[in-house]
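The values are calculated or read from the model by the stated rules, or taken from the named source; none is laboratory data. The structure displayed is predicted, hence computed values, not measured ones. Don't worry about glycine lacking a Cβ; one is built from the backbone with ideal geometry, like all the others, and counts go over all protein chains shown.
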Amino acid sequence: MTVTLELEPEVESLLEKRARADGCGVPDYVKKLIKKEVNRKRTFDEILAPFRQAIEKSGISDDELDSLFTEARKEVFKTKQERQQG
């Protein structure tokens with residue numbers, strides 16, 4: 001894959017310096033950075049961010065959200081018990 005980037009001169013200069021310090025050229029250094037980022041495991045906060053944003057956007061209160069989860073747990077528990085009882 002070929003990608004073309006438009007970088008600000010300051011960013012380009014820093015990129016060149018870091019690539020030299022790493023002992024490689026800019027293309028190899030950029031590949032290394034991309035590989036590192038793509039293979040990085042996401043933090044719990046990153047995973048939950050879309051959910052948190054949706055909750056905030058919905059306007060639901062903490063009490064309403066708590067009730068929603070409590071009811072969902074009760075439903076799951078009830079369904080499991082019904083399956084076990086046949």
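Taking the numbered list (1) farther than 29 Å from Leu15 by Cβ; (2) of a type in the set (Gly, Ala, Ser); (3) under 24 Å from the mean Cα position of the chain (by Cα) in turn, Ala72 passes all entries but (3).
Among the residues of this structure, Ala19 does not count as one that is surrounded by 10 or more Cβ atoms within 10 Å (Cβ to Cβ), among the aliphatic types (A, V, I, L, M) and within 26 Å of the chain's Cα centre (by Cα).
Answer yes or no as to whether Lys32 is surrounded by 10 or more Cβ atoms within 10 Å (Cβ to Cβ), touching a Cys at 6+ places or on another chain (Cβ under 9 Å) and of a type in the set (D, E, K, R). Spelling it out, Lys32 is indeed surrounded by 10 or more Cβ atoms within 10 Å (Cβ to Cβ), touching a Cys at 6+ places or on another chain (Cβ under 9 Å) and of a type in the set (D, E, K, R).
Pairing each residue of region 13-39 that is farther than 19 Å from Met1 by Cβ with any residue that is exposed (fewer than 10 other Cβ atoms within 10 Å of the Cβ), provided the two are 6+ apart or on different chains, yields C-beta distances under 9 Å for Ala19/Pro27. Of the residues in region 23-42, none is in contact with a Phe, Trp or Tyr (Cβ under 7 Å, 6 or more places away or on another chain) and part of a loop (DSSP other than H, G, I, E, B).
Of all residues in region 1-42, exactly one satisfies the criterion of being modelled with pLDDT under 95 and either within 23 Å of Phe69 (Cβ to Cβ) or among the aromatic types (Phe, Trp, Tyr) (or both), namely Arg42.
Does Lys57 fit the bill of being under 21 Å from the mean Cα position of the chain (by Cα), at negative phi and in a helix (DSSP H, G or I)? Talk me through it step by step, then tell me what you get.
Numbers: under 21 Å from the mean Cα position of the chain (by Cα): yes; at negative phi: yes; in a helix (DSSP H, G or I): yes.
In short, yes.
Can you pull out every residue in region 43-54 that is loosely packed, with under 10 Cβ neighbours inside 10 Å, within 10 Å of the chain's Cα centre (by Cα) and part of a helix (DSSP H, G or I)?
Taking region 43-54 and keeping what is loosely packed, with under 10 Cβ neighbours inside 10 Å, we get 43-45, 50-51.
Filter once more, so that each one left must be within 10 Å of the chain's Cα centre (by Cα): 43-45, 50.
Phe44, Asp45, Pro50 - these are the residues of region 43-54 that are loosely packed, with under 10 Cβ neighbours inside 10 Å, within 10 Å of the chain's Cα centre (by Cα) and part of a helix (DSSP H, G or I).
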